[in-house]
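Notes for the one structure printed next.
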Amino acid sequence: MLLIQFAIGALNDVVDAPRDAALRPGKPVATGHVTARTAAAIASVAAAAGLALAATRGGPTVIVAAAGLATGVAYDLRLKATALSWLPFAIGIPLIPVFAWVGATGSVPPPVLGLALLACPAGAGLAIANALADIPADDAAGTRTVATRLGPRSAWLVATGLLAATYAAAALTLVAAGAGPANADAGRPTAFIAWLAIVSSGVLLAAGASLGRGPGADRRRMGWGTEAVALAVLACGWVGALAAAGRL
């Protein structure tokens with residue numbers, strides 16, 4: 001997965017090099033510290049190596065890995081500058097827990113499929129928050145993303161709403177599964193730690209939303225980065241709470 005993320009990121013910098021040269025000159029390909037040819041080679045080698053490693057865990061694992069790589073490449077080459085820029089995130093992020101479980105165990109338990117479903121709106125919200133940070137640069141470049149089409153206020157409302165809905169759904173599904181806060185007592189330290197992570201992720205989501213609403217691309221970029229961390233913490237807490245309750 002790490003190598004596949006390298007591949008997607010390197011390809012993204014190659015595709016964006018002309019735009020970055022004018023609007024984000026600190027990027028490595030835009031500055032000339034790394035040539036586009038070298039970055040493309042890194043992307044190709046990383047993608048091949050990532051898929052080869054996934055193949056050592058069997059056919060299903062490499063299929064999920066290839067699907068994740070394909071969504072990232074589609075974002076880089078075609079969808080990033082369109083109103084569908086959220087779609088690869090909504091598909092790709094849910095594949096991460098599926099990839100982990102298939103690679104480790106060869107199967108995916110129903111709760112992990114539930115986590116993947118929860119990650120769909122989370123991925124879409126995170127993508128819109130990311131695009132929100134790039135509105136000034138995209139406007140200057142004439143690029144029409146989902147955030148530029150919605151406008152700053154509407155994009156922030158949609159992203160925040162999707163992330164808040166994800167958080168609420170995660171908490172409600174845990175309660176429905178018998179893994180709610182009532183299990184987080186002194187006799188069940190794992191459950192307590194899991195719910196501490198879940199509560200902390202809510203605080204981080206709120207902080208990220210606050211930063212994303214403010215002016216300035218750097219502030220908004222910090223906001224969506226905070227929200228990305230919050231979602232990772234939420235996912236870990238969700239899995240931990242289910243495991244502590246014997247549901248996973």
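Some notes on this structure:
- Looking across 15, 98, 108, one residue alone is closer than 24 Å to residue 126 by Cβ, β-branched (Val, Ile, Thr) and surrounded by fewer than 19 Cβ atoms within 10 Å (Cβ to Cβ). It is 108.
- Any hit, segment 23-32, residues being charged (D, E, K, R) and in contact with a Ser or Thr (Cβ under 8 Å, 6 or more places away or on another chain): no
- Helices (runs of 4 or more DSSP H) within segment 109-161 that include 2 or more residues in the same structural domain as residue 248 (by TED's automatic domain parsing) and within 18 Å of residue 87 (Cβ to Cβ): 110-133, 146-150
The values are calculated or read from the model by the stated rules, or taken from the named source; none is laboratory data. Quantities reported herein were computed from a predicted structural model and do not represent experimental measurements. Ideal geometry is used to build each Cβ from the backbone, glycine not excepted, and the neighbour counts take in all protein chains shown.
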